[in-house]
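For reference, the structure discussed in these notes is given below.
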Amino acid sequence: MEYKKNDLLTVTIEDMGHDGEGIGKVDGYTVFVKDTVIGDKVQAKIMKAKKNYGYARLVEIMEPSKDRVEPRCAYARQCGGCQIQALSYEKQLAYKQQKIENNLIRIGGFQKEEIPMQPIIGMEDPYHYRNKAQFPVGCDKEGHLIAGFYAGRTHSIISNRKCYLGVEVNEQILNLVLAHMEAYDIPAYDEMTGKGLVRHVLIRYGFQSKEIMVCLVVNGGYIPEAEELIARLCKIPGMTSISLNINREKTNMILGRKGKLLWGKEYITDTIGPIAYQISPQSFYQVNPVQTQKLYEKALEYAGLEGNETVWDLYCGIGTISLFLAQKAKQVYGVEIVPAAIEDAKRNATLNHITNAEFFVGKAEEVLPEKYEKEGIYADVIVVDPPRKGCEESVLATMVKMQPKRIVYVSCDSATLARDLKYLRGEGYEVKKVQGVDQFPHTVHVETVVLLSHKKSDGHINVKGEFGEGEGKVPLDNIAKRAEEYKPKERVTYKMIKEYIEAKYGFKVHTAYIAEVKRDLGLPMYDAPNAVEELKQPRKHPTAEKVEAIKDALKHFEVI
Ligand code: SAH
């Protein structure tokens, strides 16, 4: 059966797509219906028809699903923020767990039985979890000032100062700001004309510290009668920072580059677990601190640190994971593309008196291969937390060459995660645990943390044929010889070289010196534990005596 635009049909929703839309089938024709949940029987109107499938609009719920709940928010359907508020929280979690598993099967090529799925970690109270809100300010049709949220996929503002995902104090702050604008005829910014002053109100809240930050994004350099607004805002308990952000560009970017402090501190402080973070209006910071702590504790558990490890944290942002890992590792190295984030990471390391974390600005796909090829960096454990597009293949390839014992993959998109796990599995890493964490209740997003560990080569070979003497048969001796060739050589470590030299010559040699001699000899640098220390030290050169001892050791171990 084929349908066309404006056809009405009755359909039972059997599945949910990646954006939370309901999916049902009528006579073999698939329809996608937004705002429905699994189990709903609905009447829907086809808006866009293709040969085998179509997109339909919900007209009426004829029989609601037993998993359907009344959304707390009256604007849940229009607003672009939540997609699945009408589904019970329990079923939201089941949906997310399924989404991860399906992607691993469909994209990652895993069998269902092989996926070590752990039960997803949800929230006890899945409301008011966001520590950051950015309300656009505008005017309604009658010209009244409004603040709220963008309707899904558009820039028209739905007036709503009470979002159930944000903290309750947001509403009080918005009321004060809008009342001030009304009192002094301060115009809201108009995206069409580029005129008007106030664009957004950004509010951040420290869940542990209870500190509040208010930042008004303005298309100008000041706010009229600011003193009065400040005096009112200051009365809110916990108010710590009030500032302007100047954005005069015609752009979708919320924040401009320049900030101007009006009152209090430039930043608020908050803690996740034992680590404190300073957060400015511009800083990236995880929006759900309660779940972030659970996610990072899992990542730390999976890293399995005992205190002696060198760990790389790729895509480290402001170093949230790096600083968590630094508590238990010998040394952590973080890599991040945004220079301002690295500045935050360094400042946060200092704030927490963490001295064993070092940060590099750059693309992971450039920094890691370069440091590996040139400096022979080493890792016991590698943690990655890439953006939605996942890791570049060159990053994965370098990780594999570095042969860490464990890889911990933190992902915000299980489709690209599945793709990357397929690659790592093909290169000898086994998926040991897959843990979903619900960082964003009522939305379709889910975070996943995966533990991979290196599957040691077992020297196994498959030979087909008959054994023994005689024509067409494979002599057993040959098999033994071939097996010998296949046996992987024992890896010569820096530790072995150091021990050999100390025993034979009675002096110690620094890892960096061994790395230097190896590099001068043009040897591959993959087995360079701690050679990375050289990054921190001015380049010194070994004495001729030490160079000779190192060469001797390399000969002894048949490296040269
Ligand atoms: N773990 C971090 C956040 C990771 S989000 C935290 O909790 O703070 C992903 C990060 O990857 C972002 O900070 C983004 O700026 C960074 N990023 C994006 N592309 C990158 C690349 N090619 N190389 C390194 N970092 C990148």
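The values are calculated or read from the model by the stated rules, or taken from the named source; none is laboratory data. The structure presented is a predicted model; accordingly, all values stated were derived computationally and were not measured. Quick reminder, even Gly has a Cβ in these numbers, built from the backbone with ideal geometry, and neighbours come from all protein chains shown. To get the accessible areas, we keep the full protein, side chains included, count just its heavy atoms, and leave off ligands, DNA and RNA. Shrake-Rupley method; radii C 1.70, N 1.55, O 1.52, S 1.80 Å.
Given the residues Y205, Y184, Y129, which is the only one that is farther than 16 Å from Y75 by Cβ, surrounded by fewer than 16 Cβ atoms within 10 Å (Cβ to Cβ) and aromatic (F, W, Y)?
Y184
State the number of residues belonging to the stretch 424-460 that are of a type in the set (S, T, N, Q), more than 20 Å from E393 (Cα to Cα) and open to solvent by less than 60 Å² (accessible area, probe 1.4 Å).
3
Could you tell me which residue of the stretch 292-330 is nearest to N131 (Cα to Cα), considering only residues that are of a type in the set (K, R) and out of contact with any Ser or Thr (no Cβ under 9 Å at 6 or more places or on another chain)?
Filtering first and then ranking leaves K294.
Check off (1) out of contact with any helix residue (DSSP H, G or I) (no Cβ under 6 Å at 6 or more places or on another chain); (2) open to solvent by less than 70 Å² (accessible area, probe 1.4 Å); (3) in a helix (DSSP H, G or I) for I61 and give me the number that stays unchecked.
It is condition (3) that I61 fails.
When the residues of the stretch 338-364 are narrowed to those that are within 7 Å of the ligand (Cβ to nearest atom) and modelled with pLDDT under 95, which ends up least open to solvent (accessible area, probe 1.4 Å)?
So the residue we want is A341.
Can you name the residue in the stretch 308-330 that is within 12 Å of the ligand (Cβ to nearest atom) and outside any helix (DSSP H, G or I) and is also surrounded by the fewest Cβ atoms within 10 Å (Cβ to Cβ) among such residues?
Per the criteria, the residue is Y315.
Residues are listed down the side, and each one gets a yes or a no for (1) more than 30 Å from E447 (Cβ to Cβ); (2) surrounded by fewer than 18 Cβ atoms within 10 Å (Cβ to Cβ); (3) among the hydrophobic types (A, V, I, L, M, F, W, C):
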| residue | (1), (2), (3) |
| --- | --- |
| K25 | yes, yes, no |
| D35 | no, no, no |
| V42 | yes, no, yes |
| K48 | yes, yes, no |
| A56 | yes, no, yes |
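Restricted to the stretch 279-307, and to residues that are more than 16 Å from the chain's Cα centre (by Cα) and within 13 Å of the ligand (Cβ to nearest atom), which residue is most open to solvent (accessible area, probe 1.4 Å)?
Q282
For K50, which of the numbered conditions (1) at pLDDT 95 or above; (2) out of contact with any helix residue (DSSP H, G or I) (no Cβ under 6 Å at 6 or more places or on another chain); (3) of a type outside the set (S, T, N, Q) fails to hold?
Unmet condition: (1).
Can you tell me which residues in the stretch 1-20 are in a loop (DSSP other than H, G, I, E, B) and open to solvent by 40 Å² or more (accessible area, probe 1.4 Å)?
Scanning the stretch 1-20 gives M1, E2, K4, K5, N6, H18, D19.
Just to check your reading of the model, which residue among L421, L368 is touching a Ser or Thr at 6+ places or on another chain (Cβ under 8 Å), assigned to a helix (DSSP H, G or I), crowded, with 22+ Cβ neighbours inside 10 Å and touching a residue at least 24 places away in the same chain (Cβ under 8 Å)?
L368 is the lone residue from the list that is touching a Ser or Thr at 6+ places or on another chain (Cβ under 8 Å), assigned to a helix (DSSP H, G or I), crowded, with 22+ Cβ neighbours inside 10 Å and touching a residue at least 24 places away in the same chain (Cβ under 8 Å).
Assess whether Y333 counts as being touching a helix residue (DSSP H, G or I) at 6+ places or on another chain (Cβ under 6 Å), in the same structural domain as K433 (by TED's automatic domain parsing), away from the ligand (no atom under 12 Å from the Cβ) and more than 21 Å from N131 (Cα to Cα).
No; evaluated as a whole, the condition is false for this residue.
When you scan the stretch 201-303 for strands (runs of 3 or more DSSP E) that lie fully inside it, which ones turn up with 3 or more residues that are under 21 Å from V137 (Cβ atoms)?
Passing ranges, in order: 212-218, 239-246, 258-264.
If you go through the stretch 371-387, how many residues are open to solvent by 10 Å² or more (accessible area, probe 1.4 Å), more than 9 Å from the ligand (Cβ to nearest atom) and modelled with pLDDT under 95?
Looking only at that region, the number is 6.
Collect the residues in the stretch 132-150 that are open to solvent by 20 Å² or more (accessible area, probe 1.4 Å) and touching a residue at least 60 places away in the same chain (Cβ under 8 Å), keeping them in residue-number order.
Within the stretch 132-150, K132, Q134, F149, Y150 meet the criteria.
Could you say whether any residue in the stretch 429-443 is at pLDDT 95 or above, assigned by TED's automatic domain parsing to the domain that holds F324, assigned to a helix (DSSP H, G or I) and farther than 30 Å from E124 by Cβ?
no
What number of residues within the stretch 503-521 satisfy the criterion of being in contact with a Phe, Trp or Tyr (Cβ under 9 Å, 6 or more places away or on another chain), closer than 16 Å to K555 by Cα and without any contact (Cβ under 8 Å) to a residue 40 or more places away in the chain?
1
What is the number of the single condition among (1) in a loop (DSSP other than H, G, I, E, B); (2) within 25 Å of N219 (Cα to Cα) that A133 does not meet?
(1)
Which of (1) at pLDDT 95 or above; (2) in a loop (DSSP other than H, G, I, E, B) does R153 not meet, given it meets every other one?
Unmet for R153, out of (1) at pLDDT 95 or above; (2) in a loop (DSSP other than H, G, I, E, B): (1).
Filter the stretch 388-401 down to the residues that are basic (K, R) and within 10 Å of the ligand (Cβ to nearest atom) and list them by number.
R388, K389
Kindly provide the set of residues from the stretch 409-418 that are buried (at least 21 other Cβ atoms within 10 Å of the Cβ) and away from the ligand (no atom under 11 Å from the Cβ), ordered by number.
The answer is Y409, S414, L417, A418.
Which pairs turn up if I take residues in the stretch 340-362 that are within 14 Å of Y285 (Cα to Cα) and look for partners that are part of a loop (DSSP other than H, G, I, E, B) and open to solvent by 30 Å² or more (accessible area, probe 1.4 Å) with beta carbon separation below 7 Å, at least 6 apart in sequence or on another chain?
Final answer for the pair search is A340/Q282; A341/F284.
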